[in-house]
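Structure record follows, encoded as structure tokens.
The values are calculated or read from the model by the stated rules, or taken from the named source; none is laboratory data. This is a predicted model, so every value here is computed, not measured. All Cβ positions, even for glycine, are placed from backbone atoms using ideal geometry, and neighbour counts span all protein chains on display.
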Amino acid sequence: MTFAFLISLAFQAYCFYHIYKNQDKAYWYIIIILFPFIGGLIYFVKSANERNSFTLETSNVAPVFSNSRIDQLEKQVELADTVSNKIRLADAYVEQGDYNEAIDLYLSCFNKFTEDDDELNEKLLGAYYLSNDYINTIALGKKLENYRFFANAKEKTYYAWAYFELNDDANAERIFKQMNIDNTNYYHRSEYAKFLLETDRHEEADLLLDEMLNEMKEMDSYEKRSVQKIYKEIKAIKQKVLL
């Protein structure tokens with residue numbers, strides 16, 4: 001076999017994976033079999049154009065138009081029942097507070113290619129938590145604990161809080177401690193500080209908050225700008241400790 005032929009086979013395989021993962025139309029398989037390189041390039045250009053046009057249409061939509069945005073996304077799913085379109089619709093449902101609708105859509109996106117997808121699993125866990133379904137939050141969190149991508153994910157804080165909501169403070173703290181890493185994870189550590197306050201451990205919370213604030217003082221100007229939002233959040237939590 002020539003090197004070019006092997007490259008062609010690899011490119012076809014990648015195209016087929018992408019088509020299956022996004023549940024695109026079956027005719028793309030035929031096009032790419034008949035015209036491996038040209039067909040594949042056309043497919044990816046088409047996919048990119050769909051994403052770009054969608055972004056242009058929805059990026060400036062204000063929250064007051066959320067219903068029309070939902071309608072638009074639902075039509076997108078009707079026209080192309082792909083994983084990416086369903087995830088966008090589910091995300092919009094989450095923003096609107098329709099968590100059960102979002103959960104159903106996220107679940108429908110799972111297949112043998114997406115079962116370990118980090119973004120999809122994290123979004124589903126977040127929807128479970130926001131819907132107050134702490135049992136499923138914990139069940140999914142236990143599965144994701146074995147994955148590297150979940151180690152410092154924002155959604156891991158939901159996993160910890162789910163244990164707290166079910167009165168399992170020991171497991172909640174175990175998970176928060178996993179994310180309590182110096183000079184990083186400021187959102188996660190601020191949530192840990194909130195947990196310490198909720199469990200009446202004000203001195204420990206105050207110490208953790210001071211550690212983060214001192215770390216931020218040592219940052220250069222660029223780093224300080226990047227953590228400006230969480231810095232204000234940490235200062236606000238600090239005020240609660242002082243009350």
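Structure summary
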read-out: Of all residues making up region 163-203, the number that are under 24 Å from Met219 (Cβ atoms), among the polar types (S, T, N, Q) and assigned to a loop (DSSP other than H, G, I, E, B); value: 4
read-out: Where a residue in region 216-243 is farther than 12 Å from Tyr186 by Cα and surrounded by 13 or more Cβ atoms within 10 Å (Cβ to Cβ) and its partner, wherever it lies, is modelled with pLDDT of 95 or more and of a type in the set (Asp, Glu), with Cβ under 6 Å and at least six apart; value: Val241/Asp206
read-out: Among residues of region 107-122, those that are in contact with a Lys or Arg (Cβ under 7 Å, 6 or more places away or on another chain) and among the polar types (S, T, N, Q), counted; value: 2
read-out: Residue list for region 92-118, filter: at pLDDT below 95, in contact with a helix residue (DSSP H, G or I) (Cβ under 8 Å, 6 or more places away or on another chain) and under 21 Å from Cys15 (Cβ atoms); value: Asn111, Phe113, Thr114
read-out: Qualifying residue in region 190-210 (condition: over 27 Å from Asp118 (Cα atoms) and among the β-branched types (Val, Ile, Thr)); value: yes
read-out: Output for region 92-135, where each listed residue is closer than 21 Å to Asn152 by Cβ and either in contact with a Pro (Cβ under 9 Å, 6 or more places away or on another chain) or not aliphatic (A, V, I, L, M) (or both); value: Asp116, Asp117, Asp118, Glu119, Asn121, Glu122, Lys123, Gly126, Tyr128, Tyr129
read-out: Qualifying positions in region 112-134 - of a type in the set (Ser, Thr, Tyr) and in contact (Cβ under 8 Å) with a residue 40 or more places away in the chain; value: Thr114
read-out: Some residue of region 178-194 being of a type in the set (A, V, I, L, M, F, W, C), farther than 26 Å from Gly97 by Cα, surrounded by 15 or more Cβ atoms within 10 Å (Cβ to Cβ) and under 18 Å from the mean Cα position of the chain (by Cα); value: yes
read-out: Residue check for Ala153: under 24 Å from Asp116 (Cβ atoms), modelled with pLDDT of 95 or more and not in a helix (DSSP H, G or I); value: yes
read-out: Hits in region 101-160 (condition: surrounded by 20 or more Cβ atoms within 10 Å (Cβ to Cβ) and in contact with a His (Cβ under 8 Å, 6 or more places away or on another chain)); value: Lys156, Thr157
